[in-house]
Amino acid sequence: MTQNPKKLIPVLVSGALGKMGREVIEAVTNSNDCELVGAIDLNDECNGKSLSTFFDIPESEVFLSNDLEGSLCTVSQSYRDSDLKPVMVDFTHPDSVYENTRAAIAYGVCPVIGTTGLTSEQINELSSFSEKASIGCAIIPNFSVGMVLLQQAASVAAKFYDNVELIEMHHNQKADSPSGTCLKTAEMIEEYPKKFNKLLVKQSESLSGSRGGVRESGINIHSIRLPGLLAHQVVIMGSPGETYTIKHDTIDRKAYMPGVLQSIRKIGNYETLVYGLEKLIF
């Protein structure tokens, strides 16, 4: 791997053959300030094949690898004297994202994490590790600017409404529930310290879980998984005589790419963990 003469940001994509990974590779290769330097996927049958086999990239010098740490080591060594920090974008699986993120930090590669499913404890551990290593790490539950605006509006409205329910809807291949985006929305609403959804009557469920999951704050969260959906979220707030509804629909994964590219461009300026796209764009 040769040193980057044009000062392009070197980018690896982990989960390269997944639906989101494919969109990231297309966005990175079409950008004017990033360079794709690595692609990782656990599909053994595709290991060692040129990305030109899978993407419309003429004569690509990047070959697919199933060795995450080997790829991280190679990129880290290749750019150790560069003033541009390499970045790893991860869209893989909740079971592997923690180890992937920790490995990237250990090799001096800035992780931009779109995979959800990290626990609060894992995020805290990664924050400490990132700070000790002085490596920026971005954990982004949702890369959509529209979703960030929804979350901002919901956090402001929380001052005025005591009753809140969240509904998140995704395709039926999503592994974790509720979504990281929905949990992030709830956390932002809970920044206004009060108890939500105080019971006015004794409630019972003839079918367990009918009222969804209930957070310590009292906020109810409902998860829906169906084919035909991509990513959707509704925040419903109520008070006597009115309801306030905020909704966001993602109808194409391309909606996430401006946020992904902004995260790639900015995370190298940080030396600790950043949680949420709003911390990078506002």
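Annotations
- Applying the condition of being in a helix (DSSP H, G or I) and touching a Phe, Trp or Tyr at 6+ places or on another chain (Cβ under 7 Å) to the range 67-91 and asking which residue is surrounded by the most Cβ atoms within 10 Å (Cβ to Cβ) yields 72.
- Considering residues of the range 114-148 that are of a type in the set (A, V, I, L, M, F, W, C) and free of Cβ contacts under 8 Å to residues at least 60 places away in the same chain only, the residue farthest from residue 243 (Cα to Cα): 133
- Candidate set: the range 203-235, residues that are basic (Lys, Arg) and under 22 Å from the mean Cα position of the chain (by Cα); chosen: the one nearest to residue 183 (Cα to Cα): 215
- Subset tally (residues that are in contact (Cβ under 8 Å) with a residue 40 or more places away in the chain and surrounded by fewer than 24 Cβ atoms within 10 Å (Cβ to Cβ)) for the range 15-25: 6
- Any hit, the range 92-111, residues being hydroxyl-bearing (Ser, Thr, Tyr), more than 15 Å from residue 138 (Cα to Cα) and surrounded by fewer than 16 Cβ atoms within 10 Å (Cβ to Cβ): no
- Annotation note: Cβ proximity below 9 Å between a residue of the range 186-212 that is within 16 Å of residue 223 (Cα to Cα) and a residue that is surrounded by fewer than 15 Cβ atoms within 10 Å (Cβ to Cβ) (sequence gap 6+ or interchain) occurs for 211/203; 211/205.
- Residues satisfying the stated conditions in the range 26-61, i.e. within 18 Å of residue 256 (Cβ to Cβ), among the aliphatic types (A, V, I, L, M) and either out of contact with any Ser or Thr (no Cβ under 9 Å at 6 or more places or on another chain) or in contact (Cβ under 8 Å) with a residue 40 or more places away in the chain (or both): 27, 28
- Total residues in the range 108-141, condition of a type in the set (A, V, I, L, M, F, W, C) and over 12 Å from residue 274 (Cα atoms): 4
Here's the yes/no breakdown for (1) surrounded by 13 or more Cβ atoms within 10 Å (Cβ to Cβ); (2) closer than 20 Å to residue 19 by Cα:
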site: 148; (1), (2): yes, no
site: 152; (1), (2): yes, no
site: 171; (1), (2): yes, yes
site: 186; (1), (2): yes, no
site: 197; (1), (2): yes, no
site: 202; (1), (2): no, no
site: 208; (1), (2): no, no
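- Looking only at the range 243-268, and only at residues there that are in contact with a Lys or Arg (Cβ under 9 Å, 6 or more places away or on another chain) and not β-branched (Val, Ile, Thr), the one that is surrounded by the fewest Cβ atoms within 10 Å (Cβ to Cβ): 268
- With respect to the conditions (1) surrounded by fewer than 17 Cβ atoms within 10 Å (Cβ to Cβ); (2) of a type outside the set (D, E, K, R); (3) outside any loop (DSSP other than H, G, I, E, B); (4) touching a helix residue (DSSP H, G or I) at 6+ places or on another chain (Cβ under 7 Å), residue 52 lacks only one, and its number is (4).
Throughout, read-outs are computed from the coordinates displayed, never taken from laboratory work. As the structure is a prediction and not an experimental result, all values here were calculated from the model. In this analysis, Cβ positions are derived from the backbone assuming ideal geometry, glycine residues included, and neighbour counts consider all displayed protein chains.
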